[in-house]
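The values are calculated or read from the model by the stated rules, or taken from the named source; none is laboratory data. Predicted model, so just to flag it, every value in this text is computed and none were measured. No Cβ is skipped: glycine too gets one built from the backbone with ideal geometry, and neighbour counts run over all protein chains shown.
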Amino acid sequence: MQKVYNKILSVTGNVITVKASGVAYEELAEITTQRGKSLAQVIKLDGDIVSLQVFAGSQGIATNDEVRFLGHPMQVTFSDNMLGRIFNGSGEPRDKGSHLTENLIQIAGPSVNPAKRIIPRRMVRTNIPMIDVFNSLVISQKLPIFSVSGEPYNELLARIALQAEVDMIILGGIGLKYDQYMYFRQVLEEGGALSRSIFFIHTASDPIVEGLMVPDLCLAVAERFALKGRDVLVLLTDMTNFADALKEIAITMEQVPSNRGYPGDLYSQLAARYEKAVDFEGAGSVTILAVTTMPGDDVTHPVPDNTGYITEGQFYLRNGRIEPFGSLSRLKQQVNKSTREDHRAIMDGMIQLYAQFKETEEKRAMGFRMSTWDKKLLKYGALFESSLMDLHVNIPLEEALDRGWQILAECFTPEETGMKSELIQKFWPKSTTATPAAQPEVVASPVSEG
Amino acid sequence: MKKNGTIIGINGNMITVACESDIIQNEVGYAITGEERLKAEVIKIRGNLAFMQVFESTKGLRVGDSVEFTGKMLSVRLGPGLLGMVYDGLQNPLHLLAEEYGFFLKRGAQMEPLDSKRLWKFTPRAKAGDIIEAGSLLGTVNEGIFEHQIFAPFYLRTTYTLKDIVAAGDYTVADTIAHAVNERGEELQLSMNFEWPVKIPITAYREKLVPTEPLVTQTRIIDTFFPIAKGGTYCIPGPFGAGKTVLQQVTSRFAEADVVIIAACGERAGEVVETLREFPELTDPRTGKSLMDRTIIICNTSSMPVAAREASVYTAATLGEYYRQMGLNVLLLADSTSRWAQAMREVSGRLEEIPGEEAFPAYLESRIAQFYERAGIVELADGHKGSLTIGGTVSPAGGNFEEPVTQSTLKVVGAFHGLSRDRANARRFPSIHPLDSWSKYQSFIDPQLIADARTLLFKGNEIHQMMLVVGEEGTSLDDFQTYLKSEFLDAVYLQQNSFDPIDGATSPERQKYVFKRVHDVLMSAFVFTDKDDARHFFNKLRQAFIDWNYIDMTNEKFKKQEKIINAMIEEKSSDAKSL
Ligand SMILES: Nc1ncnc2c1ncn2[C@@H]1O[C@H](COP(=O)(O)OP(=O)(O)OP(=O)(O)O)[C@@H](O)[C@H]1O
Ligand SMILES: [Mg+2]
């Protein structure tokens, strides 16, 4: 039962109103304008006045254009035929492939019952030491990459996508630059991963509102594949664009903004998406890695701020590196106890020493005298940055741990590292000239605040 | 008589309903769409229009759909069998929903909060002919670790005479256990459960007292420096990742409360899962039973319907007040009250109310105050005392405490545990800021000792700030010693390894004992040759103290380690030198 209306009452921003009856909340409509067809979604019902957000934007809409209600909310196809395919923000093919209409599923479905969730326990290896060693990624984790624009976050995403041990990849582009879209395609193709990937791409030149559906489309499809036993990695870039689209609609609807123009429900909106990350007991999983660009490198900006309150940690990408400070995987302790016995010790020990290096660097910048210890720290910092932090380093976890010991041995005597004696005996490289101390002194150096 | 209305507008989770009959504020109604019945609550009335918040997604609702009003306010069911349960914000048992519907929550699904088949061994405590009123004791049943008291419903408005009451035996919560009649001849059928509207405080007690007795959390920085009291209130504001949830999890485990209610309000589902999966495995040292036996979880996580999130804190408070009526000490932990405030903000926006700061409604402050007012220690009709303590986390936007929710909360609570981003980054946990936080309650530790320690912390901080400018070289040895002492206090006492079974939970006896030793160190005038000597000494002393923290107090090693520490202190103190 599809109803057609020919009288548009108002056009404000990307929202139109029509007089109609029997329309359901969040129902879809199709608008035919001189520019072609566009989908629109019901966002408010007031008596017989229906407000719709038009995905293709309102440019060129005439008041006598045809609005046809489709009788269902937003849906997306779901099948193995989607693998290797590229869709747009309305779920239509963006590649030359055929239109898929089989097995339509609803998007933005209900939440997982918390009582059915399990404690995450499977690590995702990425071969990036700053992740694997220091902030392990875990199946079912939701984690954003906080970054200023200009940082190689999409390169990082693509690399993780290629190297992560998952069954499939769903990439959601929101306001993605065209060249970045092409880049993802090329990298995944060259890496032979395209056939296990699905793209939902909304580019910077597409109408803003159309980007709003991308996370829901990706996650609905991911959830279905997960229920069929697949481990799915969902990549979303860039969620700040998603939040900005929400903001635009909210302002058009004359909602009172809460913080820098963003709507008061920004937290709930973001959480509804991120909370789709899950490990289904007895089936597959959904893991979410998202990019959140920080306007003005300001982590207190509403988008990164609300995101941080929702996700399970964050990776800070700065100067082309994943910063050890501020970056956090809140789930790492669930997995790093069962990798290798020195994993946690290397993780903590190396970061503590790196913190001391940072202090020394500051002292040096202020012109204070450098002691022998300071000089050791400076050497250590440089080595750590070049041979572990650098994003080009691409080695498995175990090799990264070995390399960690190597760096320590090149810079310090065993007792200076504050590592447990048992571990030192087992892992300290034998080839270095460092003389084993008779009695390692158990004195940790003070870490001061600030 | 059934009242019906018709939907005339839908905006997010708000519906506008036209209804020809009378409407009650906070009345529950069901919006009907196909097979589904979506629970909703009246939150504003104008003429014959009811504005209702729907506790579910409104997707697919239409103008013209009907709404069935119930005539009852949003309520929870009170009775034996609440302990150990995991509910959503509207008291639907999540485990049962999972059994019925699988992985996903089902829109419109409702289930009985109390198991209506389970038999309870009832012992009557009243007899035919007794005069009863709201809150009178009718009998008791054993609910795991407690004697659960069965009350005459709190909503009774007059006194009644008991006509009959069943003999001791096994009954379900649904069975009738007594009949009563009042002067007007109105008859009453009583069972072991009744409903109570969540937004109305339960006041069936004699009087509310002033909270004075400490509620022990076994977290040192809290109990010693910023204590909470039985029946008191406190808040934990902090930026994301500062440690609010971990702190509450630790408290829910180790606090010396009889019943702990965890309200996971608009936060991550994953965090609740940890509690949910671990608590049944952990034993409560106080009872020897599983920790879950003293716990109720109200779980309305961030992707669950927003309106139900708003209801969830009230649901939690009502259950807390109910157990308080039994003379128990109840601790309610809400994480996070900001999400609750945001839920109010969303609703207020849809009602097109005039917004206050950051678009929060003007009544934000009074709602927060009313919520914390539900805490309290009370004298019950039988002379016993019961308490409800409320602790809420606050998640301020941008980590800035100068925002409406934090500020409104600070006005009403008795203690403030402010978490610091810097301390969390430096992995100094629990990251409660030792200089900014405060408490109006009394600790079990001698106030003079605490005052000394705080003075030293302030001084140490000043010296540290100075040192950042002039370097160590420009600092006197005396000042340097003060600084090292403050760092020592921080490292061995304020910081605590929450995940260690010994260090993570420090009993009051141990706190008194250890704090005395720490205080001795702070007050001693040590003699050092130079700064390296001082640093070296404090490094060693710190390590020795931390090792001490990890030894069970009843273990003989505890005394041994203390001797080592004493020897270290003696060697460097001025008296020793003068000998
Ligand atoms: N007491 C502690 N001991 C050790 N680590 C801690 C402690 N408290 C917090 N952490 C670390 O900090 C991380 C974040 O803590 P938590 O989840 O409690 O933060 P939060 O303040 O609740 O953040 P949010 O507002 O985002 O929910 C934890 O995953 C853990 O790694
Ligand atoms: Mg938290």
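Only one entry in B:S366, B:S387 is away from ligand 2 (no atom under 16 Å from the Cβ) and without any contact (Cβ under 8 Å) to a residue 12 or more places away in the chain, namely B:S366.
One residue alone among B:V246, B:V210 is surrounded by fewer than 24 Cβ atoms within 10 Å (Cβ to Cβ) and within 16 Å of ligand 2 (Cβ to nearest atom), and that residue is B:V246.
Conditions tested, residue by residue: (1) assigned to a strand (DSSP E or B); (2) within 16 Å of ligand 1 (Cβ to nearest atom); (3) away from chain A (no Cβ under 13 Å).
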| site | (1), (2), (3) |
| --- | --- |
| B:I221 | no, yes, yes |
| B:Y234 | yes, yes, yes |
| B:R277 | no, no, no |
| B:P280 | no, no, no |
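Screening A:F225 against (1) more than 12 Å from every other protein chain (Cβ to nearest Cβ); (2) within 16 Å of ligand 2 (Cβ to nearest atom) leaves a single unmet condition, (2). When B:P280 is tested against (1) surrounded by 23 or more Cβ atoms within 10 Å (Cβ to Cβ); (2) away from ligand 2 (no atom under 16 Å from the Cβ); (3) on the phi < 0 side of the Ramachandran plot, exactly one condition is not met: (1).
When B:T217 is tested against the conditions (1) within 16 Å of ligand 1 (Cβ to nearest atom); (2) farther than 26 Å from A:L328 by Cβ; (3) part of a loop (DSSP other than H, G, I, E, B), the lone failure is (2).
For region B:326-351, filtered to residues that are more than 11 Å from chain A (Cβ to nearest Cβ) and within 16 Å of ligand 1 (Cβ to nearest atom), the residue that is farthest from the chain's Cα centre (by Cα) is B:W340.
Looking only at region B:285-308, count every residue that is over 12 Å from B:G84 (Cβ atoms), touching a helix residue (DSSP H, G or I) at 6+ places or on another chain (Cβ under 6 Å) and more than 16 Å from ligand 1 (Cβ to nearest atom) and tell me the total.
In the first step, residues of region B:285-308 are kept if they are over 12 Å from B:G84 (Cβ atoms); the result is B:285-288, B:298-308.
If we keep only those that are touching a helix residue (DSSP H, G or I) at 6+ places or on another chain (Cβ under 6 Å) too, we end up with B:298-303, B:306.
Going one step further and asking which of them are more than 16 Å from ligand 1 (Cβ to nearest atom), we end up with B:298, B:306.
Residues in region B:285-308 being over 12 Å from B:G84 (Cβ atoms), touching a helix residue (DSSP H, G or I) at 6+ places or on another chain (Cβ under 6 Å) and more than 16 Å from ligand 1 (Cβ to nearest atom): 2 in total.
Residue check: is A:I169 outside any helix (DSSP H, G or I), away from chain B (no Cβ under 14 Å) and β-branched (V, I, T)? Yes.
Taking the criterion of being within 14 Å of B:P305 (Cβ to Cβ) and either within 9 Å of chain B (Cβ to nearest Cβ) or touching an Asp or Glu at 6+ places or on another chain (Cβ under 7 Å) (or both), the residues of region A:268-286 that qualify are A:S268, A:A271, A:A272, A:E275.
Considering B:K485, B:K531, B:K572, the condition of being over 30 Å from B:E213 (Cα atoms), in contact with a helix residue (DSSP H, G or I) (Cβ under 6 Å, 6 or more places away or on another chain) and at pLDDT 95 or above is satisfied by B:K485 alone. Considering region B:404-425 alone, what residues qualify as being under 16 Å from B:P361 (Cβ atoms) and free of Cβ contacts under 8 Å to residues at least 40 places away in the same chain? Passing the criteria: only B:Q407. Of the set (1) at pLDDT below 95; (2) buried (at least 20 other Cβ atoms within 10 Å of the Cβ), all apply to A:G192 but (2). Looking only at residues of region A:297-318 that are free of Cβ contacts under 8 Å to residues at least 40 places away in the same chain and surrounded by fewer than 21 Cβ atoms within 10 Å (Cβ to Cβ), we find that the one that is farthest from the other protein chains (Cβ to nearest Cβ) is A:D298. Can A:E248 be described as touching a residue at least 60 places away in the same chain (Cβ under 8 Å), of a type outside the set (A, V, I, L, M, F, W, C) and under 21 Å from A:Q141 (Cα atoms)? No; evaluated as a whole, the condition is false for this residue. Among the residues making up region B:254-270, those that are within 14 Å of another protein chain (Cβ to nearest Cβ) and touching a residue at least 40 places away in the same chain (Cβ under 8 Å) are B:I262, B:A263, B:A264, B:C265, B:G266, B:E267. Only a single criterion out of (1) within 24 Å of B:Y493 (Cα to Cα); (2) away from ligand 1 (no atom under 16 Å from the Cβ); (3) of a type in the set (S, T, Y) is not satisfied by B:T245, namely (2).
Looking at the structure I just gave you, is A:V15 touching an Asp or Glu at 6+ places or on another chain (Cβ under 9 Å) and closer than 21 Å to A:E248 by Cβ?
When the stated conditions are applied, A:V15 does not pass them.
Yes or no, residue by residue, for (1) more than 16 Å from ligand 1 (Cβ to nearest atom); (2) within 14 Å of chain A (Cβ to nearest Cβ); (3) in contact with a His (Cβ under 9 Å, 6 or more places away or on another chain); (4) farther than 19 Å from B:N539 by Cα:
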residue: B:M466; (1), (2), (3), (4): yes, yes, no, yes
residue: B:L484; (1), (2), (3), (4): yes, yes, no, no
residue: B:P501; (1), (2), (3), (4): no, no, no, yes
residue: B:K512; (1), (2), (3), (4): yes, no, no, yes
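Of the candidates A:A400, A:A365, the single residue that is touching a helix residue (DSSP H, G or I) at 6+ places or on another chain (Cβ under 9 Å), aliphatic (A, V, I, L, M) and over 27 Å from B:K244 (Cα atoms) is A:A400. None of A:V42, A:V50, A:V4, A:V11 is loosely packed, with under 13 Cβ neighbours inside 10 Å and either outside any loop (DSSP other than H, G, I, E, B) or not assigned by TED's automatic domain parsing to the domain that holds A:L212 (or both) except A:V4.
Only one residue in B:I569, B:I551, B:I565 is part of a loop (DSSP other than H, G, I, E, B) and either under 34 Å from the mean Cα position of the chain (by Cα) or buried (at least 16 other Cβ atoms within 10 Å of the Cβ) (or both), so which one is that? Walk me through how you get there before you give the answer.
On the way: B:I569 fails: part of a loop (DSSP other than H, G, I, E, B); B:I565 fails: part of a loop (DSSP other than H, G, I, E, B).
Just one listed residue meets the conditions, B:I551.
Only a single item in (1) within 16 Å of ligand 1 (Cβ to nearest atom); (2) of a type in the set (V, I, T); (3) surrounded by 24 or more Cβ atoms within 10 Å (Cβ to Cβ); (4) within 12 Å of another protein chain (Cβ to nearest Cβ) is not met by B:T251, and it is number (4). May I ask you to verify whether B:V313 is in contact with a helix residue (DSSP H, G or I) (Cβ under 9 Å, 6 or more places away or on another chain), outside any helix (DSSP H, G or I) and at pLDDT 95 or above? No; evaluated as a whole, the condition is false for this residue.
Name the single residue that is farthest from A:R403 (Cα to Cα) among those in region A:354-385 being of a type in the set (A, V, I, L, M) and in a helix (DSSP H, G or I). Give the derivation first.
Let us first name the residues in region A:354-385 that are of a type in the set (A, V, I, L, M), namely A:355, A:365-366, A:370, A:377-378, A:382-383.
Those still in the list that are in a helix (DSSP H, G or I) too: A:355, A:365, A:377-378, A:382-383.
On the way: A:A355: 19, A:A365: 29, A:L377: 17, A:L378: 18, A:A382: 14, A:L383: 10 Å.
The qualifying residue farthest from A:R403 (Cα to Cα) is A:A365.
Considering every residue within region B:361-368, establish whether at least one is out of contact with any Phe, Trp or Tyr (no Cβ under 8 Å at 6 or more places or on another chain), surrounded by 22 or more Cβ atoms within 10 Å (Cβ to Cβ), more than 14 Å from chain A (Cβ to nearest Cβ) and of a type in the set (A, V, I, L, M). Within region B:361-368, one or more residues are out of contact with any Phe, Trp or Tyr (no Cβ under 8 Å at 6 or more places or on another chain), surrounded by 22 or more Cβ atoms within 10 Å (Cβ to Cβ), more than 14 Å from chain A (Cβ to nearest Cβ) and of a type in the set (A, V, I, L, M). Can you spot a residue in region B:423-440 that is of a type in the set (S, T, N, Q), under 24 Å from B:Y513 (Cα atoms) and within 14 Å of another protein chain (Cβ to nearest Cβ)? Yes - at least one qualifying residue is present in region B:423-440.
Taken as a whole, the structure leaves B:S252 outside the set of residues that are closer than 22 Å to A:P114 by Cβ and not in a helix (DSSP H, G or I).
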